[in-house]
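Here is the structure we will look at, set down as structure tokens.
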Amino acid sequence: MVYALVVLTAVLAITSSVEGRPAYLNDVNVGNILDQSALIGILSVFMTVTLITGNFDLSVASTAALGGTVALKLVDAHGVVVALVVALLIGLLVGLVNAVLVQKVGVNAFIVTLGTLTAVRGIVQAILNGQSISAENTGFHTFATARLIVHPAAAFAAGVLLVVAAVLLFVRASRRPTRASVESAVVGVILLLIASARPALLGQTVPVWIMLGLALLTGAVLRYTVVGRNLYAVGGGSEAARLSGINVDRYKMAAFILNGAMAALVGVLYAGRFNSVDPTVLTGGELTVIAAAVLGGTSLFGGSGHVSKSVVGTLILFTLSNGFNVLNIGSNYQNVVQGSVLVAAAAVYTASGSRGRSFLRSRWTAIRSARTTVRGD
């Protein structure tokens, strides 16, 4: 997926240059893509966790809409802290309802979350009564639109540390490149390049930093902790995980609840960005989130997936959208191309996976056998 993002941005940059448009990869446009991707990126991180456990959640966009609506309803009368806490608790509650119905009652996750999607959207419409609302307290707006600037010296130091860590990991592994050493080196080099050549990119909005921070934290938990290994085990085979002593219900329910809480947080950030919400806020966002996770190679059947790749999948979707707007391509063609990219990505991942490779090998063996038989005849 990283290669796909690089190729996509290169094509858009070359096309923009050929058509005499401003440089596609200028600091402002890159910042816009990151800012537009941030909220869906956060949702895709925790949707990936849910998918890894073998479930999925269609109600995230409705939960986000409810969280944002409740936050704006309360912020004028009770302040930012109370409004935020109540919104997060409501997200937790929606996630808990999903978790109980799926894991304890045994209803299919698709049916449960589809019903929750509809019911929660109905609650949003009932609260808003068909009207958009805004708040006089601009606390959420100030937070969601604030721009945090990392000093280039700090970014440079972090890049150097990551490169040094990569070298140490390489030496410790008997001079063999490991996944951790490669990733550390790549991130370190990127930080060094940005700090030295593009320091303006170090100033991004708060949601962008939240997306990056949550992706790094969640990715580290999934890869380096027992909790992460158990989540993959639960999604890869519930019965085997249960026989191994893992509390399957606890992990699957925790994923739903965490997903609900983070959806509410995204709703608060969305409402804060515009300081208003309306009954149609984030409608259809759940499909974009799932598409981003699938683009990132997350399996819909559980047991595999990486949050960093889901964030890259989100960036691909918004880079496509941004590129179409820059090149003045009609919205109808945008949907055609985005849908085609999603299907192509899913096909490539299926073919490149172990099952896909086995399938291709079996088909190739069958074709060769058939040809041999024909020659023998």
Of the listed residues (Ser358, Ser321, Ser362), the one being in a helix (DSSP H, G or I) and either in contact with a helix residue (DSSP H, G or I) (Cβ under 8 Å, 6 or more places away or on another chain) or at pLDDT 75 or above (or both) is Ser321
Expected output for the range 291-307 (first residue within 18 Å of Phe110 (Cα to Cα), partner at pLDDT 85 or above and charged (D, E, K, R), Cβ below 9 Å, 6+ apart or cross-chain) is Ala293/Lys309; Thr298/Lys309
Taking the range 236-259 and keeping only residues that are modelled with pLDDT under 90 and closer than 12 Å to Val49 by Cβ, one is left with none
Subset of the range 34-45, residues open to solvent by less than 20 Å² (accessible area, probe 1.4 Å) and over 17 Å from Ser308 (Cβ atoms), comes to Leu39
Test for Ala240: is it in contact (Cβ under 8 Å) with a residue 24 or more places away in the chain and either open to solvent by 10 Å² or more (accessible area, probe 1.4 Å) or closer than 30 Å to His151 by Cβ (or both):
no
Of (1) open to solvent by 80 Å² or more (accessible area, probe 1.4 Å); (2) assigned to a helix (DSSP H, G or I); (3) within 19 Å of Ala220 (Cα to Cα), Leu191 satisfies every one except (1)
Based on what the data block shows, is Tyr270 aromatic (Phe, Trp, Tyr) and under 19 Å from Arg223 (Cα atoms)? no
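Applying the selection to the range 64-79, what residues are open to solvent by 50 Å² or more (accessible area, probe 1.4 Å) and farther than 11 Å from Leu128 by Cβ? Spell out the reasoning first.
Applying the first criterion (open to solvent by 50 Å² or more (accessible area, probe 1.4 Å)) to the range 64-79 yields 73, 76-78.
Across the range 64-79, the qualifying residues are Asp76, Ala77, His78.
The values are calculated or read from the model by the stated rules, or taken from the named source; none is laboratory data. Worth saying up front: this structure is predicted, and the values here are computed from it rather than measured. Neighbour counts run over all protein chains shown; Cβ positions are idealised from the backbone, glycine included. The area values use the complete protein model at the heavy-atom level, side chains included, leaving out ligands, DNA and RNA. Shrake-Rupley method; radii C 1.70, N 1.55, O 1.52, S 1.80 Å.
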